[in-house]
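Any read-out appearing in this document is the output of simple, stated calculations on the displayed coordinates, not a laboratory observation. Predicted model, so just to flag it, every value in this text is computed and none were measured. Please note: Cβ atoms are built from the backbone with ideal geometry, for glycine as well, and neighbour counts cover all protein chains shown.
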Amino acid sequence: MRLFHKVTAAAAAAGAITAAGLTLPVAAQAQQHSGGAYLSAFHHLRTVGSTVPGNGDVNPYGIVVLKHSVGRLVAGDVLISNFNDKKNEQGTGHTIVELAPGGHRTVFANITAASLPGACPGGIGLTTALVVLPGGWVIVGSTPSRNGSVSTSAAGCLILLNSQGQVNQVWSGGAINGPWDATAAAHGDMASVFVDNVLNGTRAAGGKQVFRGTVLRFDLILYGSNQAPVVTSTTKIGQGFAEQGNASAFVLGPTGLGLSHGTLYVAETDTNRIKAIPAAMTRMTSAGNGTLVTAGGKLSAPLGLAIAPDGHILTVNGNNGLIVETTPGGSQIAARLLDSSGSPKGAGALFGLAVWGGHGVYYVDDAQNTLRLLH
């Protein structure tokens, strides 16, 4: 299935969806904060288990806490996508693993280019773009490379899998160009999936910073677990985000996405900023590169982003291993060191994270190829 940038009347209907991220219970999204920082309740770090499957894939990126059991998906488990293969080449990983809270690991999906029912330009390199829709439908992004460098990368695709880990559809073409992260919201038989793209002009820039990163909204109709969702429209709701090829990080661009009360928050890694796209569920036009929420301060290459139950914005830094908590008003009110490995400490260790309600925050440690929990 090839997706092209067009807006249809169905998008207006999809705009009525209640904003509720699928990695967080709806009730938790609606809770109001009683004061203080969400992170202040957690004081312990625990390694849950290794994210490395039998084929040796490393560099865990995307992460989703499962809320419902369906098919091979077990409520309370965590899905994780791997970006690198066993040779540690970026943009070549092709597995999604499932870890139980006790650390037991299974392979949910092993996706190869030969197994795809449609074209995914460049092949397979699974990114942080990982969401689970009602009915157990999993969407994962692929931003592949032939040799681990952004110079040999390609536009990639979005891959739809059923709850058994079987590929059902491939979405490519149009405005899909390096899908890097994703978040989703659903209500009834409608859903919206938000995806940012990081390869618009990045390869041609040869390592120079360009401002062409985009955010897309895919509006879908849901049909339960036995029939695949159908995309009704694709709308570009953001553009002009900073992108830059990077030898060690592959690409720096708009990364973490989180939805709260209709506003989509974007971690702009290359400028140390968090941006906001208002009316993300309903808007029919681009908000440009959004409005500034916060910049600098404790932010240092913010990558993964998640929304806490109190509506605060959590981001993890790619440069120093910190998790930072920011209010919707832009105040950076807390920071915690999650990884101290490497030199400088924590550099290159963090990427995806997911809030586990009031229990803590799951995150992937790329330096150790593990799933960890702040609790």
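Hydrodynamic radius of the range 173-307 by the Kirkwood approach over all distinct alpha-carbon pairs: 15.1 Å. Dividing the convex hull volume of the alpha carbon atoms of the chain by its residue count gives 113 Å³ per residue. Between residue 331 and residue 43, what is the FRET efficiency for a Förster distance of 22 Å, r being their Cβ-Cβ separation, to the nearest 0.05? Between residue 331 and residue 43 the formula returns 0.50. Taking a sphere under 12 Å around the Cβ of residue 49 and counting the other residues whose Cβ falls inside, with K and R at +1 and D and E at -1, yields a net charge of 0. For the chain, the Cβ-based charge dipole about the Cα centre amounts to some 360 debye (Lys, Arg positive; Asp, Glu negative; other atoms uncharged).
Taking other C-beta atoms within 10 angstrom as a stand-in for reagent exposure, 275, 345 fall in the order 345, 275, fewest first. Annotation: Cα Rg of the range 38-191 relative to the compact-globule expectation 2.2 N^0.38 Å equals 1.03. The fewest-to-most ranking of 149, 81, 233 by surrounding Cβ atoms within 10 Å reads 149, 233, 81. Mean residue ellipticity, 222 nm, helices only, the chain: the sum of -39500 (n - 2.57) across DSSP H runs of n ≥ 4, divided by residue count and rounded to 500, is -1000 deg cm²/dmol. Comparing 224, 284, 211 along the charge dipole axis of the range 203-305, the residue lying farthest to the positive side is 211, per the Cβ-charge model. At q = 0.24, 0.29 Å⁻¹ the log10 of I(q)/I(0) for the range 315-371 amounts to -0.95, -1.17, computed by Debye summation with a single uniform scatterer per C-alpha, solvent ignored. Which part of the range 52-76 falls in the paramagnetic zone of residue 152, meaning amide N under 20 Å from the point 7 Å along Cα-to-beta-carbon? Hits in the range 52-76 for residue 152 at 20 Å: 56-59.
Full extension of the chain segment joining residue 279 with residue 227 gains 15.8 nm, where the gain is 0.36 nm per residue of separation less the Cα-Cα distance. Ranking of 190, 284 by neighbouring Cβ atoms within 10 Å, starting from the fewest: 284, 190.
Please sort by residue number the trypsin sites (Lys or Arg not before Pro) in the range 68-169 whose DSSP state is loop and whose Cβ has at most 12 other Cβ atoms within 10 Å. Of the trypsin sites (Lys or Arg not before Pro), the ones in loops of the range 68-169 whose Cβ has at most 12 other Cβ atoms within 10 Å are 87. The length gained by stretching the chain between residue 208 and residue 68 to full extension, at 0.36 nm per residue less their Cα-Cα distance, is 46.1 nm. For the range 229-375, the alpha carbon positions stretch 44, 37, 35 Å along the principal axes, listed from largest to smallest.
Placing pseudo-labels 7 Å out from each Cα toward the beta carbon at residue 88 and residue 164 gives an inter-label distance of 3.8 nm.
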